[in-house]
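The values are calculated or read from the model by the stated rules, or taken from the named source; none is laboratory data. These numbers come from a predicted model, not from an experiment. Neighbour counts run over all protein chains shown; Cβ positions are idealised from the backbone, glycine included.
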Amino acid sequence: MKKFVVLILLSFAIAAVASAAGMLEFSADVVNKSKSGVMTSKLYMKDKKMRMDMPGQDMYNITRQDKKLTWTVMPSQKMYMEMAFQEPRDIPERKVAGEVSRKLVGRETIDGHPTEKYEVTYTDADKQQRMYQWMATDINFPVKMAAIDGSWSMEYKNIKMGPPADALFEIPSGFKKMTLPTMPGAGFGKGMAPGKMPKNMPLPDVDE
């Protein structure tokens, strides 16, 4: 169950950040680093559709903003779970959520993309935080974000521009819908607004 929750939270966080690309069509590896380790996922984006695969797990997540739904698909069981998805209230573009100020501190090449590196000050949960953001100037997309103290980072690697296959964003034929388990206090059954999440912060651990 914990892996399911992490998958959903990661999906929401990536959906919010990926919106900064203006719904570009691409695929990429997403690498999240924190004090507890490294978590890598595969992201596919096309129009208002997103799919996220996490290696080593028998499930993947499809977010359909056009249908306002999120599906968690379990191939070995030939089943899927469905929940409501709400549009983020604060879609990050060049600015991050809660941004107070930013300053250009350098220019670097990240995974082959020329970027402008910014030091960004923002508020989250009424606390002022700072982070770095690397904005790729060739695709107008934040390819990397990281805490000033190095405690966490989120980076897009191996970005391949172009539309992924439509079938990646559909429930496979013959899969059955299962009931979403009740999760008191989490609000998943009613739909969870990504705008409520601290978009710029690291994600939960993925321990067993």
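Kindly list the number of the only condition in (1) at pLDDT below 90; (2) touching a strand residue (DSSP E or B) at 6+ places or on another chain (Cβ under 8 Å); (3) of a type outside the set (G, A, S) that fails for M81.
Failing condition for M81: (1).
Failed condition for E119, given (1) of a type outside the set (A, V, I, L, M, F, W, C); (2) in contact with a Gly (Cβ under 9 Å, 6 or more places away or on another chain); (3) over 18 Å from M52 (Cβ atoms); (4) surrounded by 15 or more Cβ atoms within 10 Å (Cβ to Cβ), with all others met?
(2)
Has the stretch 46-53 got at least one residue that is of a type in the set (A, V, I, L, M, F, W, C) and either within 24 Å of G112 (Cα to Cα) or modelled with pLDDT of 55 or more (or both)?
Our first condition is that a residue be of a type in the set (A, V, I, L, M, F, W, C); within the stretch 46-53, this holds for 50, 52.
Filter again for either within 24 Å of G112 (Cα to Cα) or modelled with pLDDT of 55 or more (or both), leaving 50, 52.
Within the stretch 46-53, one or more residues are of a type in the set (A, V, I, L, M, F, W, C) and either within 24 Å of G112 (Cα to Cα) or modelled with pLDDT of 55 or more (or both).
Can you tell me which residue in the stretch 145-170 is surrounded by the most Cβ atoms within 10 Å (Cβ to Cβ), limited to those that are charged (D, E, K, R) and over 11 Å from M131 (Cβ atoms)? Don't jump to the end; show me each part of the working.
Of the residues in the stretch 145-170, the ones charged (D, E, K, R) are 149, 155, 157, 160, 166, 170.
Filter once more, so that each one left must be over 11 Å from M131 (Cβ atoms): 155, 157, 160, 166, 170.
Working: E155: 19, K157: 14, K160: 11, D166: 10, E170: 15.
The selected residue is E155.
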